[in-house]
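Just below is one structure, and these are the notes that go with it.
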Amino acid sequence: MTKVKICGLQEAEHAKAASAADAAGFVFAPSRRRVTVEQAARLAAELPESVVKIGVFVNAELDEVLEAVRKVPLTMVQLHGDETDEFIRSIPVEVIQAFSVRDIEDVKKLEQSIADYVLVDAPGIDFRGGSGRIFDWGLLKGASIDPERLIVAGGLDAVNVGQAIGSLAPYMVDVSSGVETEGKKDADKIKSFIKTVKGDSMQQATGTENVTGFFGRFGGQFVPETLMKAVKELEAAYAEAKDDADFQADYHKYLKEYVGREQPLTYAARLTEAWGGPKVYLKREDLNHTGAHKINNAIGQALLAIRMGKRKIVAETGAGQHGVATATICALLDLECVIFMGEEDIRRQQLNVFRMKLLGAKVESVTKGSATLKDAVNEALRYWVTNVEDTHYLIGSALGPHPFPTMVRDFQSVIGRETRGQILGKEGRLPDVILACVGGGSNAIGMFHPFVGDESVRLIGVEAAGEGVDTARHAATLTKGTEGVLHGAYMKLLQDENGQVQEAHSISAGLDYPGVGPEHVHLEDIGRVEYKAVTDEEALASVITLSRLEGIIPALESAHAVAEAEKTAAAMGSDEILIICVSGRGDKDMATYAEKLEGLA
Amino acid sequence: MKRLKDLKDNGDKAFVAYIMAGDGGLDKLRGQVEYLQKTGVTAIEIGIPFSDPVADGPVIEEAGNRALAEGVTLDKVLLEMKSWDFKIKIPLIVMTYLNPVISYGAERFAESCREAGVSAVIIPDLPFEHQQLVGPYLKKTGVTLIQLVTLTTTENRLEDILDAAEGFVYAVTVTGITGVRDEMTQEVQEFMKTVRSKSPVPVYAGFGISKTEHIEMLRDDVDGFIVGSAIVKAFHDNKIEDIDPLIHAVTQRNPV
Ligand SMILES: Cc1ncc(COP(=O)(O)O)c(C=O)c1O
């Protein structure tokens, strides 16, 4: 996600407001925002460790720069003058070189920079750098500059920043005058700018969970004592990895180079027309390598397992998408891999079973209970209890004991973060409605999380109603379930009056689970997210709709979100925007489609 | 539960038998308890069947499934126990997963346990950190919540858990689930020594204990043994007499 730099801080109050940003800038060059090294040091002390502290200089002496680096201390230096390459090389921290871009010649200069990052700005008037004028983004379109090195400045504010992100996808956006009122920084504007770019950053940092892993009343660590050590170790390891820039960089590298992110937010013109309501956009998780969102999480957890010195992975799978994602990443990273899968799911997801085997994973068939996802989780947990010292349990949804629900959400939040930047870029505003299907809840929480703080955005989770929520054969946990403990978390369950967990039913193996992640239960509890249920039949109808209108054959799970979107769209106007998370593609469901939708083709 | 302390003070070893309530029908439970009491076990753990027993191996899981098929519930087991009119001379302990307790209501559960003559409760998926969910209610009705420690319990946790222990400590002998095992490792012996040196209450070893060799190996380092799968299996196979030597190996003062 695009990072935010708040530049030209002078007051402690504003530094505090900027503490949710990624970077803070202190201007040491002549300017009305100029600070001394001592002032900057005091301001830096107000900021969290994780915020990058950047000193801004124009043709300063090297000693002056080095002194500031040492005393503030600065973690980056930004140069706006005519500094030489040699000067840049003498600076012991990362360097941003700034360029005022008027024309194509300026773009050429910028392309040659040896600095770690390049900052583009509109030409200054009163002093070099920080002009506050809007820079012509079009000039950069053809430039051969890696967006991962690009920082955009110049006249940004909460209103236009979305467009900058949308058209340039820069590493960071830099704002100064855009968060000022009458020439002074404005704490409210700083916060609102950060929120526009990153979502509610308090939510970003900590989500809705508290330190003990509860989301309101839900969550916790309800596991046998044998697992407590592993769960606590994981908690500590994740807390550390989460804030480690190298870990994050590694994870994002795999997302980009291996999974193929970022995924498009596709405008669905024919669906929009057919439904006659809002503009419909599709978040294309179906385009991920292996065919669904599951791999976003599998990569993150596999990297974490390696970091913890564990090279054996156990996982459960329902539809087989998580199993395939896990087997894939284990092949890539040379990890040993055991996947538990219900016998019933093995039957309906043959293709994925073979994919897992081809990838070198061991697939264990679970014949107990309903022989579906719940039973596969039970067996995976038993296997983990027995092999806990050298094995990581790579859970596939936002379920299980803390830290799993938080961690899985964080790894899946790339979905919502990308979507946020993309819709801001395309429409210059946030959407009105976002829908995602909910099995355990990982694609939905990943999509919703960056929007939870935006009250104007209606969030709808879609469960499986199977043969109908008033029959005994459904998987609508939030609609029909009651509170209880399963698989390590206090959440909502389908259970009888004696606390025995019931079998779920859905035509879609990935939604066929009688529990739902604790954060969803909390978001329902506080009224932030609505949960609806869609039947097997409605989902199948939507498979046809999406296939015929948009040329996208969705996974059965994702088709549930499409079906509910159609209902939601009926009550919306043409000036509104609706986004559907297409969590996966339908390849794995072809046998079911061939059987159920026969005669159509 | 004071008896358990006395037993330890006398240098005797305890034998705790686990049975699955309602395996073969709930009407069997009474006879099983009477039989075990007569055979000389120290205490009996009565297991409540649960749909998702993740801490259990196949023997107990299957017994639980049979009991569930018989319609056995936590409520029915407690009512059955409440109705018993024979003399119960040994502690009865209920072992249940957390979800049936939550569904029943923790406060009501504590009350019903007292009425049913239950001395203690074991909840394997209720870790020390979350015991406030049930613990305070049990305390009010005088029912002990048994603490579990395992080979993976870290040192700090061990101290905290043992600090809170009452009745006895359930020391899990395997890194794994319940079920019959062939081998017990050397590591287990060291672990038992550590736990016992720190525990204010008797330490009983459980999970996988099924052979007299296990008992001989650990005898000097624990205050008692909990035997589950072997007994559940024996009852199911109608061969409960086969367990007698195991019981005697524990309860006889000088085993041959
Ligand atoms: C394509 C797809 N979507 C959604 C899901 C449901 O999982 P979750 O609710 O964790 O996103 C699955 C699970 O297998 C899936 O394969």
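The values are calculated or read from the model by the stated rules, or taken from the named source; none is laboratory data. It should be emphasised that the depicted structure is a prediction, and the values quoted were computed from it without experimental measurement. For neighbour counting, all protein chains shown are included, and Cβ atoms are generated from backbone atoms with ideal geometry for every residue, glycine included. Quick note on the areas: whole protein, heavy atoms, side chains included, nothing else; ligands and nucleic acids left out. Shrake-Rupley method; radii C 1.70, N 1.55, O 1.52, S 1.80 Å.
Extending 7 Å from Cα along the Cβ direction at residue A:587 and again at residue B:182 yields two label points whose distance is 4.3 nm. In chain A, the calculated helix contribution to ellipticity at 222 nm averages -11500 deg cm²/dmol per residue, counting -39,500 (n - 2.57) for every DSSP H run with n ≥ 4. The spread of Cα positions in the stretch B:188-256, taken along each principal axis and listed from longest to shortest, comes to 40, 24, 19 Å. Between the C-alpha center of the stretch B:38-69 and that of the stretch A:217-245 there is a gap of 29 Å.
Counting only whole DSSP H helices of chain A, the ones at least 15 Å long by C-alpha along their axis and with mean Kyte-Doolittle hydropathy no lower than 1.0 are A:321-333. Note on the stretch A:535-601 and the stretch A:150-186: Cα centroid distance 38 Å, given to the nearest whole angstrom. Its DSSP H runs of at least 4 residues, each contributing -39,500 (n - 2.57), put the calculated 222 nm mean residue ellipticity of chain B at -12500 deg cm²/dmol, to the nearest 500. Our note on the geometry: Cα centres of the stretch A:253-332 and the stretch B:127-147, 42 Å apart.
For the protein assembly as shown, the Kirkwood radius over C-alpha pairs fed into Stokes-Einstein at 10 °C and 1.306 mPa s yields D = 54 µm² per second. Only one residue of A:255, A:488, A:192 has its Cα farthest out toward the positive end of the dipole of the protein assembly as shown, where Lys and Arg carry +1 and Asp and Glu -1 on Cβ, and that residue is A:488. Across the stretch B:45-113, Cα-Cα pairs farther apart than 13 Å form 67% of the total.
For the protein assembly as shown, the dipole from Cβ point charges (+1 on Lys and Arg, -1 on Asp and Glu) about the Cα centre works out to 460 debye, to the nearest 20.
With the cut-off at 1.5 for a/c, could you classify the stretch A:237-340 from its C-alpha gyration tensor as rounded, prolate or oblate? Since a/c reaches 1.5 and a/b is larger than b/c, the shape of the stretch A:237-340 is classed as prolate. In the structure shown, do any of A:279/A:567; B:2/B:239; A:229/A:374; A:16/A:109; A:362/A:480; A:198/A:283 have a Cα-Cα gap over 26 Å, and if so which? Long pairs (Cα-Cα over 26 Å): B:2/B:239; A:16/A:109; A:362/A:480.
In loop segments of the stretch A:500-536 as defined by DSSP, there are no GluC sites (Glu not before Pro) with at most 11 further C-beta atoms inside 10 Å of their C-beta. Checking every one of the GluC sites (Glu not before Pro) in the stretch B:127-222 against DSSP loop status and a limit of 12 other Cβ atoms within 10 Å picks out B:183. Rounded to the nearest 20 debye, the dipole magnitude of the stretch B:155-256 is 140 debye, with +1 charges on Lys and Arg beta carbons, -1 on Asp and Glu beta carbons, and the Cα centre as origin. Ranking A:19, A:95, A:309 by Cα position along the charge dipole of the protein assembly as shown, where only Lys, Arg, Asp and Glu carry charges on their C-beta atoms, puts A:19 farthest toward the positive end. Applying a 4.7 Å cutoff between beta carbons, the unpaired cysteines of chain A are A:7, A:437, A:581. In terms of its alpha-carbon gyration tensor, the stretch A:445-601 comes out oblate; a/c meets the 1.5 threshold, while b/c is at least as large as a/b. Residues B:62, A:64, A:418 ordered from highest to lowest accessible area at a 1.4 Å probe: B:62, A:64, A:418. For a test of the definition: using alpha carbon positions, the gyration tensor, and the 1.5 limit on a/c, classify chain B as rounded, prolate or oblate. Because its axes are fairly even, with a/c under 1.5, chain B counts as rounded.
Taking Cα centre as origin and charging only the Cβ of basic (Lys, Arg, +1) and acidic (Asp, Glu, -1) residues, the dipole magnitude of chain B rounds to 780 debye. Projecting the Cα positions of B:192, A:600, A:277 onto the charge dipole of the protein assembly as shown (unit charges on Cβ atoms of Lys, Arg, Asp and Glu, taken about the Cα centre) puts B:192 furthest along the positive direction. Rolling a 1.4 Å probe over the protein heavy atoms gives the stretch B:93-208 an accessible area of 37 Å² per residue.
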